[in-house]
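Novice: Mind having a look at this structure? Questions to follow.
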Amino acid sequence: MIAFDKTKAIANHGDITRLSKVYKKLEEGGDVTVCFLGGSITQGSLSSTPETCYAYRTYDWIKGRFPEAKVKYVNAGIGGTTSAFGAARAEKDVLAYDPDLVVVEFSVNDECTDYFLESYEGLIRKLLYSKSAPAVVCLFNFFYENGKTAERLHSKVARYYGIPAASMQGAIYQDILSGKIEDISLLSPDGLHPNDTGHEVVSSVLTYLLETLYDEYKCSSLGEKALADDGRKSADRALLPLTVNTFETAVRLDNRNFEPSLLGFEKDTSVQSNITDCFKNGWLGQKKNDRIVFKLKGEYECSGIAIQYDKTMKRPAPVVIAVVDGNKDEAVVIDSAFDETWGDLLDIRQIFLHREKAKHTLEIELIDDKDGKAVPFNIVSVIITR
């Protein structure tokens, strides 16, 4: 493995109150569930096998470090997705497993904008303040070629909530710039997604942080007592949000939990094989003037609406228009054509955000079917914030 200074990988030490409970449970041979929530790097893109991705390597390290414990592994990585989707799916894909530890990784998919600062904080708060109250660790990846990352914003959230965080940029980017690491293809064929060696480096960064904090836990005066009283921020203290924080309430609506009015659109009945088979469980529109209407009232009253859809490489690709509460002056046109070549994108189009919570009607109409030749428009879900 490539040599580097692992001490530079610790972006935030954080508070170890919750991790101490995990370490104690591991030491006692208990049942511990470790979840990894993120994008394509977490999913394991460009690793040769599922077992050589950083998430599985980290899980394997935990098992080896605590051989008496029964450790369960959950990989909730979905390529091309952001923390906005992470907040909407966290309950089903992570919290449903009653996790003890959750590693969160979205720094190469989120942009450095206020929108993603808010969505990332909403995701972190949803995890921290859930019934299972897991320990959370943040992992910041970056683009090897140019250093691009949302770490600046994500680390702001990590510091505020006292969350331990590991940084790949902190670990190796200066070595890339200085030429100490001469060939980034040794780590990543495309300048972003790690190969097996790259995943090994990512895992070593993460496990170094976990080992360092475990050493602190062992050295603390009461063993299980974390150092939460030395001025560090702690997630177990009552903290007001940094942002407007609507994403903590994000709910994902698909054909398994919501029934819109179908006026030409049809329910997608194909079976989802696994978490990465992610373009399923929505609704399909094929012909011009096909419509679908979501009446969002009662428990679905909301302050924000986003449409999640298949932005597709297939051609020709259809175009739809989204109208809220009949207000055509604020109609949003969505062209589903995707100009990249690596695959379809599970895209999210925010229709509005930060309005007063109220009932709304969302109508989506297919307005261009390319003379009947277009592939179906696939609404994978509607995401509401409250």
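The values are calculated or read from the model by the stated rules, or taken from the named source; none is laboratory data. What you are looking at is a predicted structure, and each value in this text was computed from that prediction instead of being measured. Backbone-built Cβ (ideal geometry, glycine too); neighbour counts: all protein chains shown. In case anyone asks, the SASA skips ligands and DNA or RNA and just uses the protein heavy atoms, side chains included. Shrake-Rupley method; radii C 1.70, N 1.55, O 1.52, S 1.80 Å.
Novice: For region 265-284, which residues satisfy the criterion of being free of Cβ contacts under 8 Å to residues at least 40 places away in the same chain and more than 18 Å from VAL319 (Cα to Cα)?
Specialist: LYS267, THR269, SER270, VAL271, GLN272, SER273, ASN274, ASP277
Novice: Of a type outside the set (Ser, Thr, Tyr), outside any loop (DSSP other than H, G, I, E, B) and either modelled with pLDDT under 95 or open to solvent by 10 Å² or more (accessible area, probe 1.4 Å) (or both): is that true of GLN350 in this structure?
Specialist: In short, yes.
Novice: Still on this structure, please answer the following. What pairs can you find where one residue is in region 102-128 and open to solvent by 20 Å² or more (accessible area, probe 1.4 Å) and part of a loop (DSSP other than H, G, I, E, B), the other is modelled with pLDDT under 95 and among the charged types (D, E, K, R), and their Cβ atoms are less than 8 Å apart, with a gap of 6+ or different chains?
Specialist: Taking only residues 6 or more apart or on different chains, not a single pair turns up.
Novice: Let me ask something additional. Out of ILE41, ILE62, I need the residue that is touching a strand residue (DSSP E or B) at 6+ places or on another chain (Cβ under 7 Å), within 26 Å of ILE383 (Cα to Cα) and either assigned to a helix (DSSP H, G or I) or open to solvent by less than 20 Å² (accessible area, probe 1.4 Å) (or both). Which one?
Specialist: ILE41
Novice: For region 75-97, how many residues meet the condition of being open to solvent by 10 Å² or more (accessible area, probe 1.4 Å) and touching a helix residue (DSSP H, G or I) at 6+ places or on another chain (Cβ under 9 Å)?
Specialist: Qualifying residue count, region 75-97: 8.
Novice: Residue check, ASN289 against (1) at pLDDT 95 or above; (2) of a type in the set (S, T, N, Q); (3) at negative phi, all met but one. Which one?
Specialist: Looking at each condition in turn, ASN289 falls short on (3).
Novice: Every residue in region 273-299 that is within 17 Å of ALA374 (Cα to Cα), of a type outside the set (A, V, I, L, M, F, W, C) and touching a Phe, Trp or Tyr at 6+ places or on another chain (Cβ under 9 Å), please.
Specialist: GLY285, GLN286, ASP290, ARG291, listed by residue number.
Novice: Follow-up. Considering only region 65-74, state which residues are in contact with a strand residue (DSSP E or B) (Cβ under 8 Å, 6 or more places away or on another chain) and either open to solvent by 30 Å² or more (accessible area, probe 1.4 Å) or part of a strand (DSSP E or B) (or both).
Specialist: The answer is LYS70, VAL71, LYS72, TYR73, VAL74.
Novice: Output the residue which, of all residues in region 193-216 that are among the β-branched types (Val, Ile, Thr) and open to solvent by 10 Å² or more (accessible area, probe 1.4 Å), is farthest from TYR54 (Cα to Cα).
Specialist: Applying the filter and picking the extreme gives THR212.
Novice: Determine which single condition ILE383 fails, assuming it passes every other condition in (1) out of contact with any helix residue (DSSP H, G or I) (no Cβ under 7 Å at 6 or more places or on another chain); (2) not in a loop (DSSP other than H, G, I, E, B).
Specialist: (1)
Novice: Please enumerate the residues belonging to region 12-38 that are open to solvent by 40 Å² or more (accessible area, probe 1.4 Å), under 25 Å from the mean Cα position of the chain (by Cα) and over 17 Å from ASP98 (Cβ atoms).
Specialist: HIS13
Novice: Looking at region 307-326, can you tell me whether even one residue there is modelled with pLDDT of 95 or more, among the aromatic types (Phe, Trp, Tyr) and open to solvent by 20 Å² or more (accessible area, probe 1.4 Å)?
Specialist: no
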